[in-house]
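Please read the structure below before turning to the comments.
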2 protein chains.
Amino acid sequence: MKTAIFFILNEYADWKGPYLSSQLNQNSEWTVKTASFSDEVTSIGGFKTIIDYQIDELPEKIDLLILIGGNSWDVKNETLRKLISDRLKSDQPVGAICGAVDYLAKNGLLSGYQHTGNSQAIWKNYSEYNNPDQFLPQQVVSDRNLVTANGTAALDFTEAVLKLIQFLPDKQLKPLIELYDNVFYEYCKKYGNPF
Amino acid sequence: MKTAIFFILNEYADWKGPYLSSQLNQNSEWTVKTASFSDEVTSIGGFKTIIDYQIDELPEKIDLLILIGGNSWDVKNETLRKLISDRLKSDQPVGAICGAVDYLAKNGLLSGYQHTGNSQAIWKNYSEYNNPDQFLPQQVVSDRNLVTANGTAALDFTEAVLKLIQFLPDKQLKPLIELYDNVFYEYCKKYGNPF
């Protein structure tokens, strides 16, 4: 069984992870677990989430680390920073969206990677953000083992992360994403009703 | 303060409620609470959610009732059925998406309403579903105080529900929905970067 860890904080953004978490957790080879700095966090939308792993109790084997944006990413935690840094250096998949990309920028974790995010404007005072020329104003950027996305790009982020981990052959991944990206009854005409 | 109740069951679909819950809960006039038949439910994506209200302990004043789809809507519960029926009859807002619309069909709660859903095929044996000619193959259908949507239409559902409760003037609602419906950096050119 492969494990995807979704790292979430208080006031995490409800809409950024669900397409990805639901695809992964429905697959018999994958399980989704949450991680944070506390036992329970509440989403921006008011949903109270019980956390599976505290930051210091994470399993050794993490097959995918996903950092979900929100209003609380202005954090300092060496265990988290080192976890991400080690994964990036050892070619293990990491995905970050919205406020979580701000965290990567602030901690110098985007260095050497093409990337995107919500806005470079808030990063200009980050002394460790040293590669602004590698910023691309796109929905999502995938560079080797790191996927970054702006906060509105939940579906593009899902597609890029699933590609990175070779979740499905491309020809199967395409309709899976299209299901949520288009008008449903148009989709049904093209592929049939999936329900 | 107005209260929106999101009714969710085990294996609820993570991606169907977040655009709506986050918009409501960020507004100072609204609060989002969850309700279910148990203290805790787990989403399809593996997120464990602590429930605010059990079905028999709901507050008297509910300003918006949202029924979120998932894999467990084949339920029988008279309190829930009566709650929905009473709201529909007394012109109080109800929104249902995906499997939750199947529940309405099965319990005769779509009667008299234009509606949509995932597929009529699974409703043909529901003896209480008596208005198949009022089914519209659309992303979302809003008819008086009831909004219904198929399971891929989270954003259209959000827009229709927010319109129903007159959450924002139309000219403010449009860019809010477009933010998630279009390419972000195109949106920024049109409206400016919201972050």
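Using a Gaussian network model of chain B with C-alpha springs under 10 Å, which one of B:16, B:106, B:171 is most mobile by mean-square fluctuation? With Cα springs under 10 Å in chain B, the top fluctuation among B:16, B:106, B:171 is at B:171. Listing A:8, B:55, B:62 from fewest to most neighbouring C-beta atoms within 10 Å gives B:55, B:62, A:8. Taken over the stretch A:1-109, the convex hull of the Cα atoms encloses 93 Å³ per residue.
Enclosing the Cα atoms of chain B in their convex hull gives a volume equal to 128 cubic angstrom per residue. In terms of other Cβ atoms within 10 Å, B:98, A:188 run from fewest to most in the order A:188, B:98.
Label-point spacing for residue B:39 across the identical copies (point 7 Å from Cα in the Cβ direction), in nm and ascending order: 1.1. GNM on chain A, alpha-carbon springs under 10 angstrom: the most fluctuating residue among A:50, A:97, A:84 is A:50. Each of residue A:144 and residue B:124 was given a label point 7 Å from its Cα along the Cα-to-Cβ line. The distance between the two points is 5.6 nm. Say each of residue A:77 and residue A:40 gets a label point 7 Å from the Cα, pointing the same way as Cα to Cβ; how far apart are those two points in nm? With each label point 7 Å from Cα toward Cβ, the separation is 1.8 nm. Using a label point 7 angstrom from Cα along Cα-to-C-beta, what distances in nm, from shortest up, separate residue A:72 from the other copies? Shortest to longest, the spacings are 2.5 nm.
How many percent of the alpha carbon pairs in the protein assembly as shown exceed a separation of 39 Å? The proportion of pairs with Cα distances above 39 Å equals 16 percent.
Placing a label point 7 Å from Cα along the Cα-to-Cβ axis, residue B:108 is separated from the same position in the other copies by 7.0 nm, shortest listed first.
Taken together, the values in this text are just the output of simple stated rules run on the coordinates, not laboratory data. Predicted, not measured: the structure shown is a model, and the values here were computed from it. Cβ sites come from the backbone with ideal geometry, for glycine too, and all protein chains shown count toward neighbours.
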